[in-house]
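Asks: Handing you this structure, nothing more for now.
The values are calculated or read from the model by the stated rules, or taken from the named source; none is laboratory data. Computed from a prediction, not measured in an experiment: that's the story for all the values here. Positions of Cβ are generated from backbone atoms using ideal geometry, with glycine treated the same way; all protein chains shown enter the neighbour counts. Quick note on the areas: whole protein, heavy atoms, side chains included, nothing else; ligands and nucleic acids left out. Shrake-Rupley method; radii C 1.70, N 1.55, O 1.52, S 1.80 Å.
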Amino acid sequence: MDKKRDREWRRHRIQALWALLYNSYIMGFVHGKIYKGPLKNLCVPGLNCYSCPGALGACPIGSLQAVIGSWNFKFAFYVAGFLIFTGALVGRFVCGWLCPFGLIQDLLHKIPFPKKLKTFKGDKLLRKLKYVILAVFVILLPLFAVDVLGQGAPYFCKLICPAGTLEGGIPLVLLNKSMRSAIGWLYAWKNILLLATIFISIIIYRPFCKYICPLGAVYSVFNPISVFRYKVDEEKCTGCGACARACKMQVDPVRNTNHTECIRCGKCKSICPEGAITSGFWNRKDSSRQEKSR
Amino acid sequence: MRRLLSSRKAGIIIAVLGLAMIGYGLYRGEAAVVFTKAARICLECIGIG
């Protein structure tokens, strides 16, 4: 068990390293201002608000809305291409290993609570909500709900994203006097959403990733076809179900190895008593049972 | 088709397509829009605007 726990904490250390890498502009935290250098041209793979004082790169979801909502571009080849490239390479590995907001939810779920919920009635249906949020708040509203200049607002960031509140809103308001004087109902609303996300994360594993995150929705589409993938060795697998019971995203790797909900955290791999689950870019014999459940 | 999608070839082809889109987006000047947004405090993102 200790070995399995060690592996989980190794993943958390890697997640923390990425979070630090994304947000290593220390002077931003000192002065309450954001980084304005050339690295802001580049998107980072995980959900990380570009208005975080430490952020070095651009959030892909914020960038997508910015380009779609700009008056001169109505399709974001650059950001969409980045998402397609990342998704096709690793799929939701980003969610499990490279996303700072995923790490925060992972750690919150470690807080003891009398009744942790693994699943509930309507869980499966609610997982579709992230696709609706992607379509409506990230694409359609910035594209069509525009001002007189033809510019759309980043509606997902504005009305929903708790990562922006946590990483950008709270530090900037704390560090910047002029920001403090400008807060209003929207700030209150976003803080309520953040508090709700924090509380629910203690009870349910990664609720934001499961039900809300449009970035996870994009990457999930690529999970079954990504170059990096999981593989179950049919000869080794005894069908004991340990992997499915251990999965906090409620995926059964034996029935559907590269399921859209799999965040590639590796828990199934470490729990399998037969070592039947492997992952990588180059499995020689590809016998993954991807579509068995369909 | 199903076999192609379950193989790694599909992932590689789509990744290359993604790279081509990145290149075209850069050519169109989309990175400047990303930079303009990311290098200023996004008031909407932090719940002020």
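Asks: Which entries in the list A:LYS116/B:LYS37; A:LYS130/B:LYS37; A:LYS110/A:LYS158; A:LYS40/A:LYS248 go over 31 Å, if you measure between the two C-alpha atoms of each?
Replies: Listed pairs above 31 Å: A:LYS116/B:LYS37; A:LYS40/A:LYS248.
Asks: At 7 Å along the Cα-to-beta-carbon direction for both A:LEU117 and A:LEU17, put a label point, then send me their distance in nm to one decimal.
Replies: Here the answer is 3.6 nm between the modelled labels.
Asks: Return the carbon/sulfur percentage of the accessible area of the stretch A:164-294, one whole number, probe 1.4 Å, all protein chains in place.
Replies: Answer for the stretch A:164-294: carbon and sulfur cover 62 percent of the accessible area.
Asks: OK, next. In the stretch A:80-103, what residues drop by 20 Å² or more of accessible area when the other protein chains are put back, versus the chain on its own? Use 1.4 Å, and skip ligands and nucleic acids.
Replies: Relative to the lone chain, where solvent access is computed with a 1.4 Å probe, the stretch A:80-103 loses at least 20 Å² at A:GLY81, A:ILE84, A:PHE85, A:ALA88.
Asks: Give me log10 I(q)/I(0) at q = 0.07 Å⁻¹ for the protein assembly as shown, Debye formula, one equal scatterer per alpha-carbon, no solvent.
Replies: Per q value, in the given order, log10 I(q)/I(0) is -0.29.
Asks: Counting only protein heavy atoms and using a 1.4 Å probe, what share of the accessible area of the stretch A:1-106 belongs to carbon plus sulfur, as a whole percent?
Replies: Whole-percent figure for carbon plus sulfur exposure: 71.
Asks: Next question, about the same structure. Quick check for me: using +1 on Lys/Arg Cβ and -1 on Asp/Glu Cβ, what's the dipole size of the stretch A:1-158 about its Cα centre, in debye to the nearest 20?
Replies: 740
Asks: Using the charge dipole of the protein assembly as shown (Lys, Arg: +1 at Cβ; Asp, Glu: -1 at Cβ; taken about the Cα centre), state which of B:LEU17, A:ASN258, B:THR36 has its Cα farthest towards the positive end.
Replies: About the Cα centre, the residue reaching furthest to the positive side is A:ASN258.
Asks: Do any trypsin sites (Lys or Arg not before Pro) in the stretch A:8-81 lie in a loop, going by DSSP, with at most 16 other beta-carbon atoms within 10 Å of their beta carbon, and if so which?
Replies: Taking the stretch A:8-81 and a limit of 16 other Cβ atoms within 10 Å, the loop trypsin sites (Lys or Arg not before Pro) found are A:LYS33, A:LYS36, A:LYS74.
Asks: List the relative contact order of chain A as a percent without decimals, with contacts defined as Cα pairs under 8 Å and 6+ residues apart.
Replies: 22
Asks: OK, next. Any idea of the accessible area per residue across the protein assembly as shown, 1.4 Å probe, to the nearest Å²?
Replies: On a per-residue basis, 47 Å².
Asks: Please give, to one decimal in nm, the separation of the simple spin-label points placed at A:TRP185 and A:GLU274, each 7 Å out from Cα toward the Cβ.
Replies: Label at A:TRP185, label at A:GLU274, 5.9 nm between them.
Asks: Using the Cα centre of the protein assembly as shown as the reference point, and only Cβ charges (+1 on K/R, -1 on D/E), how large is the resulting charge dipole? Debye, rounded to the nearest 20.
Replies: Result for the protein assembly as shown is approximately 800 debye, rounded to the nearest 20.
Asks: For A:63-71, what's the mean count of beta carbons from other chains sitting within 10 Å of each residue's beta carbon?
Replies: 4
Asks: Which one, A:GLY122, A:GLN65, A:GLY164, is farthest towards the positive end of the dipole of chain A when Lys and Arg carry +1 and Asp and Glu -1 on their Cβ?
Replies: Toward the positive end, the furthest listed residue is A:GLY122.
Asks: Between chains B and A, what is the buried accessible area summed over both chains (1.4 Å probe, protein heavy atoms, nearest 100 Å²)?
Replies: Counting protein atoms only, the buried area is about 3800 Å².
Asks: If you don't mind, there's one more thing I want to ask. When only the heavy atoms of the protein chains count and the probe is 1.4 Å, how do A:HIS12, A:HIS109 rank by accessible area, highest first?
Replies: If we order A:HIS12, A:HIS109 from most to least accessible, we get A:HIS109, A:HIS12.
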